[in-house]
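What follows is one structure encoded as structure tokens, with my remarks underneath.
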Amino acid sequence: MAIKHGQGQRLIPLDQLSECERVAFEPTEKLTADQIYEQRWALTLLEQVLARLQTEYQTAGPTSAQLFDRLQKSLINASDCPSQRDIAHEFGMTENTLKEAFHQLRRRYRQLLREEIAETVMVPSEIEDELRHLIAVLRAYPIGCHSHALGRLNASVPPLAIAP
């Protein structure tokens with residue numbers, strides 16, 4: 001006797017999906033296959049960089065991991081991002097010390113982004129062109145709530161995080 005496709009799996013009614021989950025199933029814009037590919041490429045690249053950065057902070061210890069969790073919201077321009085003053089107070093730091101920690105996070109983010117891009121190009125001289133292309137894709141196709149890893153990514157943030 002053959003097993004039916006999906007047998008034994010819990011069914012989830014579509015009306016119970018969250019807004020972000022539904023967005024993945026409902027076309028909101030008429031994008032071409034190339035545009036969808038570009039958008040997914042950009043999102044995947046940013047998720048990989050953020051995951052690598054998170055791993056580094058987790059490896060450094062629990063306090064660093066907690067600091068990363070708080071600062072990454074500033075990096076991705078999350079709507080529920082606390083102020084740097086509040087984060088500094090939470091971690092017993094001065095605001096200037098926290099600003100330096102955030103600057104280091106952005107610098108490392110830029111470096112990891114360049115490393116990830118370097119893995120996708122044939123020669124190092126193509127890295128800058130690929131970075132410009134990434135920025136253009138993010139500006140042309142803003143990524144909403146499609147990524148749990150990135151939250152709500154403002155397309156203007158990556159250029160700031162990428163710029164030297």
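Structure above, values below:
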quantity	calculated
Count of the stretch 78-102 residues which are part of a loop (DSSP other than H, G, I, E, B) and under 19 Å from the mean Cα position of the chain (by Cα)	5
Qualifying residue in the stretch 22-39 (condition: open to solvent by less than 100 Å² (accessible area, probe 1.4 Å), assigned to a helix (DSSP H, G or I), in contact with a helix residue (DSSP H, G or I) (Cβ under 6 Å, 6 or more places away or on another chain) and at pLDDT 75 or above)	yes
Test: residue in the stretch 76-92 that is open to solvent by less than 80 Å² (accessible area, probe 1.4 Å), under 15 Å from Tyr109 (Cα atoms) and either of a type in the set (A, V, I, L, M, F, W, C) or without any contact (Cβ under 8 Å) to a residue 40 or more places away in the chain (or both)	yes
Residue pairs meeting the criteria (Cβ under 8 Å; at least 6 apart or on separate chains; first aliphatic (A, V, I, L, M), in the stretch 55-69; second outside any helix (DSSP H, G or I))	Leu67/Phe91
Residue check, Tyr57 among the aromatic types (Phe, Trp, Tyr) and modelled with pLDDT of 95 or more	yes
Tally of residues being part of a loop (DSSP other than H, G, I, E, B), surrounded by 13 or more Cβ atoms within 10 Å (Cβ to Cβ) and modelled with pLDDT under 90 across the stretch 111-141	1
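The values are calculated or read from the model by the stated rules, or taken from the named source; none is laboratory data. Keep in mind it's a predicted model, so treat the numbers as computed, not measured. Counting neighbours? That spans all protein chains shown, and the Cβs are built from the backbone with ideal geometry, glycine included. Side chains included, ligands, DNA and RNA excluded: accessible areas come from the protein's heavy atoms. Shrake-Rupley method; radii C 1.70, N 1.55, O 1.52, S 1.80 Å.
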